[in-house]
Amino acid sequence: MNTCNGVVSLTALLLCLPVFAAPDAQRQAQLKHLLAQDCGACHGLHLTGGLGPELTPKALAGKPRDSLIATVRFGRPGSAMPAWQALLSSEDIGWLVDHLLQGAPTP
């Protein structure tokens with residue numbers, strides 16, 4: 001592959017990736033509350049694990065962002081992890097995943 005084709009391929013790939021707009025400040029506050037109350041109920045008060053696994057940046061390191069988004073969106077059949085797609089938009093889910101990857105402050 002020559003360099004020109006590689007640049008074109010990379011550009012095409014980047015254009016196909018989903019782009020999530022950050023929710024407004026009020027929605028971010030609601031999502032932080034959801035993270036603390038709903039997610040924290042299974043993943044632990046400080047998101048360090050409980051019924052569900054730890055959700056710290058260290059625990060999530062190396063996990064593909066798209067995979068984490070799919071887990072939140074569709075849940076994990078056969079486990080206690082519910083699907084959130086009926087209650088959260090794609091933007092909400094993307095923001096939550098990014099928030100966790102960046103080290104969401106503990107509640």
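Data for the structure
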read-out: Segment 25-102, relative contact order [Cα under 8 Å, separation at least 6], %; value: 23 percent
read-out: Spin-label pair His33/His46, simplified geometry with 7 Å Cα→Cβ offset, distance in nm; value: 2.5 nm
read-out: Probe 1.4 Å - accessible area at Arg76, Å² to nearest ten; value: 130 Å²
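The values are calculated or read from the model by the stated rules, or taken from the named source; none is laboratory data. Computed from a prediction, not measured in an experiment: that's the story for all the values here. For neighbour counting, all protein chains shown are included, and Cβ atoms are generated from backbone atoms with ideal geometry for every residue, glycine included. Heavy atoms of the whole protein, side chains included, go into the accessibility calculation; ligands, DNA and RNA do not. Shrake-Rupley method; radii C 1.70, N 1.55, O 1.52, S 1.80 Å.
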